[in-house]
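The values are calculated or read from the model by the stated rules, or taken from the named source; none is laboratory data. Everything quoted here is computed from the prediction, not taken from an experiment. We place every Cβ from the backbone using ideal geometry, glycine too, and count neighbours over all the protein chains shown.
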Amino acid sequence: MSSQDGGLTLWTYLGGERMPERLVTKLIQKGAEAELFLDEWHGLKVVRKVRRPKRYRASSLDLEIRQTRTAHEAWMIHEAKKAGVSTPLIYLVDLETNEIIMQYIEGRRLRELIENADSNVRTRLCRGLGEAVGKLHNSGIIHGDLTTSNVIIDGSKIFLIDFGLAEYSEELEKKGVDLLLAERVFYSTHHAYGASCKEAFMEGYEKLVGSDVARRVEGRVRDIARRGRYAVER
């Protein structure tokens, strides 16, 4: 079955025709919930994201959870693209094997580039990331895992990946959590450039959401950070 919206056809396989034999399979990342494989599919270099069964869950519940999360993530990637954010193309969603086959983005992770780029490039990239997040929030999309490892730079394009924790929300709290995670990554992973990265990011974010919204979200970021410190100190 398929659903079409905004020029994209998203094929979801529940049985019947199976995917063609794969020529290349290489595990590139293993997480708590899913595994990522570099693969070849219909002559295309792709990434397969596979959600494996969890033995600690009842099998029927486990299947329902994995199917729901797989379909939801693919849809959020599609919705982010509609919002004007560069994301991998989705080629196929298989709810029988609970995997997503998507475009492999040729490029480098922002995490690597921040450490090696000159200040002008670093500022441009962080500002661009802020603009991308602003587009998401303007469309009511929360990414949920805004780290520099989930941003790939391909030429002049900034791609956001890994929408496994993404959701719809207009809540100021959820937007604040998104920005707080990005800020913490800037200061912890890229501590030498944390302040400048955050400043450039907020410039891009404010450009898209407006100064009033940016101030309110940044104020909520501070509130969330204070609550977190208080919980730890207690």
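Remarks
- Subset tally (residues that are loosely packed, with under 15 Cβ neighbours inside 10 Å and either in a strand (DSSP E or B) or not assigned by TED's automatic domain parsing to the domain that holds A117 (or both)) for the stretch 151-199: 4
- S139 farther than 26 Å from R226 by Cα, modelled with pLDDT of 95 or more, polar (S, T, N, Q) and in the same structural domain as R227 (by TED's automatic domain parsing): yes
- The stretch 146-170 - residue that is free of Cβ contacts under 8 Å to residues at least 24 places away in the same chain and of a type outside the set (S, T, N, Q) and, of those, nearest to R111 (Cα to Cα): D162
- Within the stretch 68-94, considering residues that are among the polar types (S, T, N, Q) and touching a residue at least 60 places away in the same chain (Cβ under 8 Å), the one surrounded by the fewest Cβ atoms within 10 Å (Cβ to Cβ): S86
- Consider the stretch 10-43 and keep the residues that are among the aliphatic types (A, V, I, L, M) and assigned to a loop (DSSP other than H, G, I, E, B). The one that is modelled with the highest pLDDT is A32.
- Odd one out for T148 among (1) modelled with pLDDT under 95; (2) surrounded by 15 or more Cβ atoms within 10 Å (Cβ to Cβ); (3) hydroxyl-bearing (S, T, Y): (1)
- Residue match in the stretch 124-131 (condition: among the basic types (K, R) and touching an Asp or Glu at 6+ places or on another chain (Cβ under 7 Å)): yes
- Search result, residues across the stretch 80-113 that are among the hydrophobic types (A, V, I, L, M, F, W, C), part of a loop (DSSP other than H, G, I, E, B) and in contact with a helix residue (DSSP H, G or I) (Cβ under 9 Å, 6 or more places away or on another chain): A83, V85, L89, L95
- For the stretch 126-145, the set of residues classified as free of Cβ contacts under 8 Å to residues at least 40 places away in the same chain and either farther than 13 Å from A182 by Cβ or surrounded by fewer than 19 Cβ atoms within 10 Å (Cβ to Cβ) (or both) consists of G140, G144, D145, listed by residue number.
- Test set (1) closer than 30 Å to I65 by Cα; (2) at pLDDT below 95 - G155 fails condition number: (1)
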